[in-house]
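Accompanying notes for the structure given below.
The values are calculated or read from the model by the stated rules, or taken from the named source; none is laboratory data. Worth saying up front: this structure is predicted, and the values here are computed from it rather than measured. Cβ placement follows ideal geometry from the backbone for every residue including glycine, while neighbour counts extend to all protein chains displayed.
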Amino acid sequence: MRDVAVIGFGMTKFGEIWPTPLRDMYAEAAQACIKDSGIERSKLQSAYIGCMTSGLFNGQEHLASILTDYAGISGVAATRVESACASGGAAFRAAYLEVASGASDFVMAGGVEKMNDGADSTYCLSTASDQEYEVFHGVTFPGLYAMMAHAHMNQYGTTPEQLAAVAVKNHVNGALNPYAQFPMEISEQTVLGAVRVAEPLGLFDCSPVTDGAACVMLCPVDVAKDLGKPIIKVIGSGHATDSIALHDRADLASLPVVKLAAERAFAQAGIGIDDVDFCEVHDCFTIAEIMCTEALGLFKNGQGGPAAAEGVTARDGKHPVNTSGGLKSKGHPVGATGIAQICELYMQLTGRAEGRQLSSPRIGLAQNMGGSGGSSTVHILEVVS
Ligand code: COA
């Protein structure tokens with residue numbers, strides 16, 4: 001396996017991007033990524049595109065061909081990758097493996113989702129849960145995560161104030177991110193007093209419905225050196241699956257899929273969580289960030305809530321989490337999210353994160369999750385001098 005580096009990124013602003021079509025959003029991110037990478041378009045050999053459900057949201061399948069065509073890169077090998085909200089992470093892993101294997105030198109990993117296109121987004125999203133045992137009975141994603149939140153509260157004493165601390169912190173970070181859908185600070189009172197979506201989760205405990213696209217470019221480390229690029233090396237890639245339906249899990253208050261994906265990424269990287277300077281984690285709901293930080297090993301089970309409330313995961317805390325604003329404030333165009341997380345790692349590691357820049361981070365981790373924990377990817381990137 002060859003060493004692989006990320007050498008550039010491109011993103012659209014996240015939000016309700018109306019009336020821009022899906023294909024134009026991808027084209028914008030892809031062209032920005034090629035430009036940022038500084039390579040000739042003709043050098044690109046392959047593209048992987050994470051997208052959860054363009055068929056339901058937009059009535060468009062055969063996606064990879066139409067998107068690469070409109071992005072001006074028709075002819076490359078192009079593959080759409082689907083793993084619900086972890087589609088972007090899975091696309092990045094596929095691109096990484098293609099470069100690492102030696103099959104291709106320049107591969108672009110992208111993600112896109114246009115969720116505001118007239119379709120019923122709650123229904124479209126629910127197709128990533130178990131149709132027969134969950135959706136048929138009326139369950140939605142806010143409902144599933146509400147059940148997980150109740151279990152976490154019952155088992156560990158996690159409080160609504162601790163959930164709110166996650167939202168408040170992520171909006172502080174998102175307010176400094178020009179790509180964010182909701183770049184405004186909010187108070188604990190706003191979170192706790194908001195309209196209820198699925199008790200104990202209110203409006204500000206939920207990630208929004210978002211349109212957006214993101215891309216990153218990968219190539220061998222040796223080639224990146226020849227190009228004179230900063231070396232942002234992929235040192236770990238982990239991927240895991242679990243049962244989709246919550247009732248098939250032994251414990252509703254933990255996410256074994258995240259633990260497994262992280263163990264695989266850490267084993268490859270030869271490091272542990274204490275070596276990681278900052279993380280982007282999958283905060284589709286505030287309780288998800290708490291459970292993901294526990295599954296990654298940042299905190300013991302039950303300690304994720306208190307840690308968020310004490311500022312441990314703030315930008316100036318011991319373990320910064322979601323400096324981008326996370327899914328909560330930056331937005332969650334499901335298929336694009338995993339790639340947007342890698343974009344944030346790349347910006348932070350190359351000193352391009354502007355107002356939210358951390359002080360000289362060296363190792364960043366991105367954790368992307370599908371559904372209520374049926375799949376997860378973990379990627380670890382390091383600055384190599
Ligand atoms: N955070 C902050 N503000 C939000 C928001 C969010 N998640 N969602 C909507 N808003 C704001 C809107 O901007 C709007 O503000 P305005 O009145 O000032 O214009 C207002 O709240 C109402 O927006 P609307 O689009 O009517 O909200 P909604 O009731 O249709 O949807 C949710 C709100 C939370 C139900 C929806 O965002 C949702 O389903 N989120 C979860 C998505 C999901 O499940 N993703 C997959 C995770 S696995």
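Please give the number of the condition Ile244 fails out of (1) within 16 Å of the ligand (Cβ to nearest atom); (2) touching a helix residue (DSSP H, G or I) at 6+ places or on another chain (Cβ under 7 Å).
(2)
Checking the conditions here, which among Asp275, Asp211 is within 19 Å of Phe9 (Cα to Cα) and not aromatic (Phe, Trp, Tyr)?
Working: Asp275 fails: within 19 Å of Phe9 (Cα to Cα).
It is Asp211.
Within the stretch 18-48, which residues are touching a Leu at 6+ places or on another chain (Cβ under 6 Å) and assigned to a strand (DSSP E or B)?
none
Would you check if His332 is part of a loop (DSSP other than H, G, I, E, B) and within 16 Å of the ligand (Cβ to nearest atom)?
So His332 fits the description; yes.
Just for the stretch 346-385: of the residues that are part of a strand (DSSP E or B) and within 16 Å of the ligand (Cβ to nearest atom), which one is farthest from Thr323 (Cα to Cα)?
Ser375
Being of a type outside the set (Lys, Arg), at negative phi, touching a residue at least 12 places away in the same chain (Cβ under 8 Å) and not assigned by TED's automatic domain parsing to the domain that holds Met369 narrows it down to one of Pro178, Pro160, Pro220, Pro183, so name that one. Walk me through how you get there before you give the answer.
Details: Pro178 fails: not assigned by TED's automatic domain parsing to the domain that holds Met369; Pro160 fails: not assigned by TED's automatic domain parsing to the domain that holds Met369; Pro183 fails: not assigned by TED's automatic domain parsing to the domain that holds Met369.
Exactly one of Pro178, Pro160, Pro220, Pro183 is of a type outside the set (Lys, Arg), at negative phi, touching a residue at least 12 places away in the same chain (Cβ under 8 Å) and not assigned by TED's automatic domain parsing to the domain that holds Met369, namely Pro220.
From Gly75, Gly55, which residue is surrounded by fewer than 24 Cβ atoms within 10 Å (Cβ to Cβ) and part of a loop (DSSP other than H, G, I, E, B)?
Being surrounded by fewer than 24 Cβ atoms within 10 Å (Cβ to Cβ) and part of a loop (DSSP other than H, G, I, E, B) holds for just one of Gly75, Gly55, which is Gly75.
If you take the residues in the stretch 263-309 that are among the acidic types (Asp, Glu) and touching a residue at least 60 places away in the same chain (Cβ under 8 Å), which one is farthest from the ligand (Cβ to nearest atom)?
Checked the stretch 263-309; the qualifying residue farthest from the ligand (Cβ to nearest atom) is Asp275.
Within the stretch 104-208, considering only helices (runs of 4 or more DSSP H) that don't extend past its boundaries, which have at least 3 residues that are within 13 Å of the ligand (Cβ to nearest atom) and of a type in the set (Val, Ile, Thr)?
Passing ranges: none, list empty.
Which residues, taken from the stretch 209-223, are crowded, with 24+ Cβ neighbours inside 10 Å and more than 14 Å from the ligand (Cβ to nearest atom)?
Ala213, Ala214, Cys215, Val216, Met217, Leu218, Cys219
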